[in-house]
Amino acid sequence: MMHSLIQLSIIVLLLPLLSFVVLIFFNRRLPRMGDFVGVGLLGTAFAISCSIFWTVIVQHYDPAFRVAWDFTWLDFGNVPGVGPLVVKMGIVIDNLTAIMLAMVTLISLLVHLYSTGYMAGDKNYGRFFAYLGIFTFSMLGIVLSDNLFSIYMFWELVGLSSYLLIGFYFEKDSAADAQKKAFLTNRVGDIGMWLGILILYSQFHTFGYQEIFQNIAAGKFTLSNGWLTAAGILLFFGCVGKSAQFPLHVWLPDAMEGPTPVSALIHAATMVAAGVYFVGRIFVILTPDALHYIAFIGAVTAFMSATIAITQHDIKRVLAYSTVSQLGYMVMGLGVGAYSAALFHLLTHAFFKACLFLGSGAIIHAMHHEQDMRWMGGLRKNMPWTFATFSIATLALAGLPLTSGFMSKDAILAGALAFANVEGGGIFYLIPVLGFGSAMMTAFYMGRQVWLVFFGESRTHLKPADEHHDEHGHDAHASHGHDDHGHDEHGAHHGVHEVGWVMRAPLVILATLSTFFVFSTDPLDGAKGWFMHLVPTPSTVVKSAEAPKAAALAVTGGRLLAEASTDTAHPAVVAGHAEAVHGAAAEGHGPVFTDPRQAELAHEAHANHYTAIYLSSGMLVLGIGLALIVYAFKMIDPARTAEAIRPLYLYSFNKWYWDEIYDATLIKGSMLLSRSLAWFDSNVVDGIVNGVGTVYRKIAFANGSFDKYVVDGLVNFTAFFVQTSGAVMRKIQTGKVQTYLVMVMVAVLGYFAVYLIQLMK
Amino acid sequence: MLSLIVFLPIIAGLIILAVPASQKQIIRIVSLLAAVAQGVVAVLIWRQYDPTMAGIVAAPGGSPVGSFQLIERLPWISLDLGSFGPLTIEYFLGVDGISITMVLLTALISIIGVLSSWTIQKQVKGYFILFNLLSTAMMGCFVALDFFLFYVFWELMLLPMYFLIGIWGGPNREYAAIKFFLYTLFGSVFMLLVMIGLYFSVIDPLTGNHTFSLVAMASQENYVPGSILGPGSAMWRTIAFVVLFVGFAIKVPMFPFHTWLPDAHVEAPTPISVILAGVLLKLGTYGMMRINFPLFPEVFQAGLYTIGVFGAINIIYGAFCALAQQDLKKMVAYSSISHMGYVLLGLAAGNSEGMLGALYQMFNHGTITAMLFLLVGVIYDRAHTRAIDKFGGLASYMPVYAAVVAIAWFASLGLPGLSGFISEAFVFVGAFSAPTTRPIAMVSVLGIVFGAAYLLWSLQRMFLGKRKPDAVYDIETDAHGHEHIHFHDWTGKLDLDARELTMLVPLAIIIIALGIYPMPVMGLLTASINKLVTVLAPVAMSAVN
Amino acid sequence: MEMFTAIGLNHFLTISAILFSLGMYAVMTRKNAIVILMGVELIMNAANINFLTFSKYNGGMEGVMISLFVIVLAAAEAAVALAIVINIFKTFKTVDVSSVDTMKE
Amino acid sequence: MNQLTLSIIFYLFAAVTVVSAAFVVFSKNVIYSAFALLFTLFGVAALYVFLSADFIAITQLVVYVGGILVLLLFGVMFTNTIMQTDIKTDVMHVVPGTILLILMIAGMLYTFYTTGDWMPGEAQLQGSVVQRIGIETMSRYMLPFEMASVVLLVALLGAAFLARYDKAHKNEH
């Protein structure tokens, strides 16, 4: 009997699909192109997932909560060498799933609402909602999947919907390029993920998370530990592609070619976070080496994109790079073992970043599709609501205390510090350093953005007249209906006015969700919040390969191990109860781990909590202060600074030249290879085939030339002979062979007669 | 039952023979009815089929026809060759999991092919007679269980194909037809030799005579020790395997024997391309699974790695060549080379997942590629060109066409939820699970990206963006300010018309349905595949040698 | 009667003689080069029959072998001759040998 | 199978052979002659069987019917465009030819039937000679066999060359 939650979640999963099917076929026939269908169905889905959320999170307040259901999808029969083999598809609901369900449906619903205002008048209005539907469906699929195969399927499906939505204005070549780039880049990541899945499958002949985890825990992984690390890293590659981690981050900024609500839903809140979610799912099989790799990738990504974001002019690109940077944070968090913190940041980030994007959408809408911050300014008077919500979200992103962002980010940074300490310093201190550095930069560029957009005086009139269309990343909105009244109003602000409620309400809701009290009673410690309690760090199933380290950890780790309950089957459960008893402030707070390394990390993270708070607040002050100094008090002229450090400026402005590098090496290279192979195919391989024929002709010809001299010689000789004899006996010389033949026969018969006569005698 | 499905088209061909050539419509309708009837019979067969019976090989000591189904077995030719003993050739039909899927595919593709032949105007009568002959030959190949019978059908297939390409093809058709003919003939000549060798090496356990029955050949204990291909004569068995493999590989087509395919496709008319890619290519891999591998399992085991490497070459090489093509049809042709590479890779895995993926990929590639070629034909009818760069922005003007194209293209690049993905996925699963082919699998996974690359790129160049300056159509704005395009000398419906939809929509539905729940087809396969794997497994040989 | 029922050497020789003469007649009288070729084939068949006949009633294999080679040669001859005929046709636009008399002076 | 039926069959084939041969020679239409020749060759093959040279009979069928006759037909097709309806062949030296024909037949038959009666050897060929042919080919007639193959090759190449003479000619300049 299916658990009622499962049934509900299936309904939630299928409602967006239904909306897609209905809209894709009938949007032209329905009134208002059927947007109410999308909104209505999503509303229902959200309501149901709220009930799930309530049941799971509020009613059973249990870190170990888990219900699962699966069915046989493929039956391979009795496979030789393996025995009966089936591929199962299934759904698992635990705390994380429930939270993600609520989050995804909520943001999707808000974006649907918002789009009814933002996309109004588009000629493909209905199709837009259809695409949102298929996206939501596949995203929910990722969230609910209980096995690697189905998550891979939905993984690619979100790739598809992202492809469709980025290229929503496919008439624009830039959009078409961007969608292709996004899909292909993601595919590169997916290859890695797929190989990782294959490694695990080839060992256990199953795709299910639980089976795989139990098998590894039981030490059934026969290949070397290196393979397990490889599997982890390869699976992480999927996340690298989807969550736009370095070096596959290049697609996300270009993805801003899509309509802004899409950027908010897919490229900020949900899809790009799926990578982090997935790594969280497989967290337990990641070996320490794999985790190091992940941590470094995350840190580098966070830092790099932060530096890029500083110099961008396009309001959406700044947000895009900050998204990449924040995703880098989450990945780093996972890498350093701060599992709960990373997923917590995933949740908070989803809300405030969606708020930021929708806000920027509102601004763009109001500014008639002006996206360049250099020509904005002074909007706070015209758009108070947008201003308020946008600034709250900004502060959350920058990590100001009392915001949600503060708690999660701080937890991650604490984890990073702990990690560095546990790993024994050295190179590993790079990670927290990069983390704090990008925290500072985040504060700076967000401050810069808010100031440029909302404060000061309007700079629309400064915009050079010729920059209407040629700006990269100009919202494709310009390419349809709205355009006609778009650009004739530069230089005056009477065109700019607050957006309608249908677009304002989502902003307000999201801004509210960006504050601390939603998540925790203590504004300073997210760890005391319900999230980090309900989504505890699971204990790894990998046997710690490095014995000496384990010994080294025994000093502190051993003490924690001593506290561990005898029941090691569900360490997290035990931890949950233990925590409930001791209270959050108790020493050794956090789950109890069987693995000394994890135990050490958890301990250290708690220990470093306040250090992290001080450092990050310092960074925040530094960043925002710098922003104010530069843009508010005008003490430093950004232009001249840029001139002073021109190379650095250009390096950052051109996004570290990654696009150029890839274009020059990979793209050009593969095109060259393909052309040369095609040439090889048509000239060499096929040439050999035709060559056989040619060779035969050559032989025949050579032989022919031989014939020419010998045979023709004979012929000529015959001719000569005939001629001379003809001169003699021209009378009987008719030149007809048959005549000669007749004569010959006459002669023969003559001889024959003579012979017969001889015979008679 | 099987005879019916095999010879229905021939009967239709005879009827058409009686119809005066001027009655084009009647001729078309007759062939359509035949194809539909064939489809109905195929479905009946499918209903009767019991997926739990494995087939492949006669159970030792069990029934001589193994667990094949719908058996039809009659002595066909039996001569007394004196010193050579009696020559017995049987009319021996039967299906197991491997063949029934192909039978279903063939029936489906034949219907599609007849429908898409509607536009053929030149010598309709001759065309449809040849077409029906071809469809009989294909169906026969898939159900024949007597090697000689198989060979007859196999050869019978060449002739109509040759004429269909050579007469109804494009400008360079003679070259393409000859090339196709010579290549395949080259392959089948070797097959003949091996066939005779096998005949003299195999004894039917019941009659004690030499036999052509594939069922008898498939079980190693029927081989006469000391005979030319019997156990022990490793060298000859290897040679026979290689020769046979080449014969089938030409049909697949496997690098480096693939160059006939692009030419043949580019020159062939649309329905023939559909048949060619949809069914004929499958005959190569089907032959491998039915004849080549089970008859020489130990050689197969030894050759796994090589086969896998060739599969990988097909995948990557085909994808790269496709990336460079300017002619849309040529690109699709190379794409099917690449996709057949997956089949080879799956076979090389030698385990159930891989083989299952391979066979499923054969089925899906049949439907998907048929769709691709139909779509190419659609645009070619309108624009009279296939140059990818001569379009641009079509999606705005032919939305339905663009949508269907998107389905086909994404199915072909292996998007989850469409059937192509599952087969490719399990090919990789199998290839990776087998230690032999693991490195190959790692390399050929790259095919996923390059496949996506050329498909998406062509999609963008033809459908997205704006009309290219040198496009083959003009944009006109009507009274309401809506933009329309029109192709020169194309009077029909701009977007897909009813006939084209009746061809494409069922295919699309099949592709999507099998992408979501593959069991309807996979369920037919599993028993046979598992049996096949056990037959091929090295242990099976140790019993004989 | 016995002379007719018991198939003997003479029967075959008779047939071969008739074939030979007919072939020779064709060669002599026909103008169409191809028919001439056919005549030649007839002659060769006649020869073959003789060989085989004698070889049968003599119990030796020589005749059989030689007739084999004769057939081989016949094939070669036919190929070359036809090539020549085709060339003649290309050159003179006819296969009428009577009109091909450029060898005359 | 008794003497009588055997001989009946023999006369049947003999008749076929001779009659169709005559048709070959006397028909005015080249196509007809070609097809008549087909029957002649069949008949001759049958006679070979009577001479217990089954292998030769098969070869006869394969080479003549399969090869030469087809060649001849091709020749006809090539040298007479299908459009041109009368594929006739006209004649010369009819009178001397006919006389010679009669004389030849008469003379030879006379010789056969008068010059004593032929003594069949004590050992006659019996049954199939396939095996013995194989042995002979590989032992005694090795050289002629090889030479035959060479001859065939050369003839083939020569024919190929001749048939496309003008092409080769063009290639020269």
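The values are calculated or read from the model by the stated rules, or taken from the named source; none is laboratory data. Being a predicted model, the structure only gives us computed values, none of them experimental. Heads up, the Cβs are rebuilt from the backbone with ideal geometry, glycines too, and the neighbour counts pull from every protein chain shown.
Consider A:VAL276 carefully, then state whether it is part of a helix (DSSP H, G or I) and crowded, with 24+ Cβ neighbours inside 10 Å. Criteria met by A:VAL276.
Rundown of residues vs (1) within 30 Å of A:ASN124 (Cβ to Cβ); (2) of a type in the set (Val, Ile, Thr); (3) touching a strand residue (DSSP E or B) at 6+ places or on another chain (Cβ under 7 Å); (4) in contact (Cβ under 8 Å) with a residue 60 or more places away in the chain, yes/no style:
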| site | (1), (2), (3), (4) |
| --- | --- |
| A:ASN147 | no, no, yes, yes |
| A:MET153 | yes, no, no, no |
| A:ASP190 | yes, no, no, no |
| A:GLY219 | no, no, no, yes |
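Among the residues making up the range B:428-445, those that are polar (S, T, N, Q) and more than 7 Å from chain A (Cβ to nearest Cβ) are B:THR436, B:THR437, B:SER444.
Tell me, yes or no, whether the range C:51-64 has at least one residue that is under 22 Å from D:THR17 (Cα atoms), within 12 Å of the chain's Cα centre (by Cα), facing another protein chain (nearest Cβ under 7 Å) and buried (at least 22 other Cβ atoms within 10 Å of the Cβ). No, the conditions are met nowhere in the range C:51-64.
Screening C:ILE71 with (1) of a type outside the set (Ser, Thr, Tyr); (2) more than 7 Å from chain D (Cβ to nearest Cβ); (3) within 17 Å of the chain's Cα centre (by Cα) gives one miss only, at (2).
In this entry, C:LYS93 is excluded by the filter for residues that are over 21 Å from D:ALA14 (Cα atoms) and in contact with a strand residue (DSSP E or B) (Cβ under 8 Å, 6 or more places away or on another chain).
May I ask you to verify whether D:PHE39 is touching a residue at least 12 places away in the same chain (Cβ under 8 Å), more than 7 Å from every other protein chain (Cβ to nearest Cβ) and under 20 Å from D:GLY75 (Cβ atoms)? It is true that D:PHE39 is touching a residue at least 12 places away in the same chain (Cβ under 8 Å), more than 7 Å from every other protein chain (Cβ to nearest Cβ) and under 20 Å from D:GLY75 (Cβ atoms).
Considering B:ARG28, B:ARG47, which residue is closer than 22 Å to B:GLN121 by Cα and among the basic types (Lys, Arg)?
Values: B:ARG47 fails: closer than 22 Å to B:GLN121 by Cα.
Only one candidate passes the filter, namely B:ARG28.
Scanning the range C:30-50 for residues that are more than 7 Å from chain D (Cβ to nearest Cβ), among the aliphatic types (A, V, I, L, M) and more than 9 Å from the chain's Cα centre (by Cα) yields C:ALA33, C:ILE36.
Taking the stated definitions as given, is A:LEU198 surrounded by 23 or more Cβ atoms within 10 Å (Cβ to Cβ) and under 26 Å from A:GLY77 (Cβ atoms)? Walk me through it before giving the result.
Numbers: surrounded by 23 or more Cβ atoms within 10 Å (Cβ to Cβ): yes; under 26 Å from A:GLY77 (Cβ atoms): yes.
Here the answer is yes, as A:LEU198 does meet what is asked.
Among the conditions (1) farther than 24 Å from D:LEU109 by Cα; (2) in contact (Cβ under 8 Å) with a residue 12 or more places away in the chain; (3) touching a Ser or Thr at 6+ places or on another chain (Cβ under 6 Å), C:ALA74 misses just one, which is (3). Scanning the range D:127-145 for residues that are under 25 Å from the mean Cα position of the chain (by Cα) and more than 9 Å from chain C (Cβ to nearest Cβ) gives D:GLY127, D:SER128, D:VAL130, D:GLN131, D:GLY134, D:MET142, D:LEU143. Among the residues of the range A:358-370, is there at least one that is part of a helix (DSSP H, G or I), closer than 22 Å to A:ALA602 by Cβ and in contact with a Gly (Cβ under 9 Å, 6 or more places away or on another chain)? No - not one qualifying residue is present in the range A:358-370. Of everything in the range A:179-190 that is within 12 Å of A:ASP254 (Cβ to Cβ) and more than 9 Å from chain B (Cβ to nearest Cβ), the residue that is surrounded by the most Cβ atoms within 10 Å (Cβ to Cβ) is A:ALA182. Only one of the listed residues (A:PHE246, A:PHE237, A:PHE221) is aromatic (Phe, Trp, Tyr), part of a helix (DSSP H, G or I) and surrounded by fewer than 24 Cβ atoms within 10 Å (Cβ to Cβ). That residue is A:PHE237. Of the candidates B:ILE448, B:ILE388, B:ILE475, the single residue that is on the phi < 0 side of the Ramachandran plot, aliphatic (A, V, I, L, M) and facing another protein chain (nearest Cβ under 8 Å) is B:ILE448.
Summed over the range B:451-471, residues that are among the polar types (S, T, N, Q) and at the interface with chain A (Cβ under 9 Å from one of its Cβ atoms) total 1.
If I go through the range B:399-414 residue by residue, how many of them are in contact (Cβ under 8 Å) with a residue 60 or more places away in the chain and closer than 30 Å to B:GLN361 by Cβ? Spell out the reasoning first.
Here is the first cut: in the range B:399-414, the ones in contact (Cβ under 8 Å) with a residue 60 or more places away in the chain are B:399-402, B:404, B:407-408, B:411-412.
Subset that is closer than 30 Å to B:GLN361 by Cβ: B:400-402, B:404, B:407-408, B:411-412.
Number of matching residues: 8.
Report yes if some residue within the range C:3-23 is surrounded by 24 or more Cβ atoms within 10 Å (Cβ to Cβ), closer than 20 Å to D:LYS28 by Cβ and within 7 Å of chain D (Cβ to nearest Cβ); otherwise report no. Yes, because at least one residue in the range C:3-23 is surrounded by 24 or more Cβ atoms within 10 Å (Cβ to Cβ), closer than 20 Å to D:LYS28 by Cβ and within 7 Å of chain D (Cβ to nearest Cβ). Just one of (1) within 13 Å of chain A (Cβ to nearest Cβ); (2) closer than 30 Å to B:GLY97 by Cβ; (3) in contact (Cβ under 8 Å) with a residue 12 or more places away in the chain fails for B:MET519. It is (3).
Do we have D:GLY67 as more than 7 Å from every other protein chain (Cβ to nearest Cβ) and either under 12 Å from the mean Cα position of the chain (by Cα) or not aromatic (Phe, Trp, Tyr) (or both) here? So D:GLY67 does not fit the description; no. Checked against (1) free of Cβ contacts under 8 Å to residues at least 60 places away in the same chain; (2) buried (at least 18 other Cβ atoms within 10 Å of the Cβ), B:VAL40 meets all criteria but (2). Scanning the range B:403-427 for residues that are within 10 Å of chain A (Cβ to nearest Cβ) and in contact with an Asp or Glu (Cβ under 9 Å, 6 or more places away or on another chain) gives B:GLY414, B:LEU415, B:PRO416, B:GLY417, B:PHE421, B:PHE426.
Would you confirm, using the coordinates I've provided, whether A:GLY337 is at pLDDT 85 or above and over 20 Å from A:MET376 (Cβ atoms)? So A:GLY337 does not fit the description; no. Residue-level analysis places A:ALA176 among those that are at the interface with chain B (Cβ under 7 Å from one of its Cβ atoms) and either under 24 Å from B:SER352 (Cα atoms) or buried (at least 22 other Cβ atoms within 10 Å of the Cβ) (or both).
Is at least one residue of the range A:252-268 surrounded by 20 or more Cβ atoms within 10 Å (Cβ to Cβ), under 23 Å from B:PRO416 (Cα atoms), within 14 Å of another protein chain (Cβ to nearest Cβ) and among the charged types (D, E, K, R)? No: zero hits.
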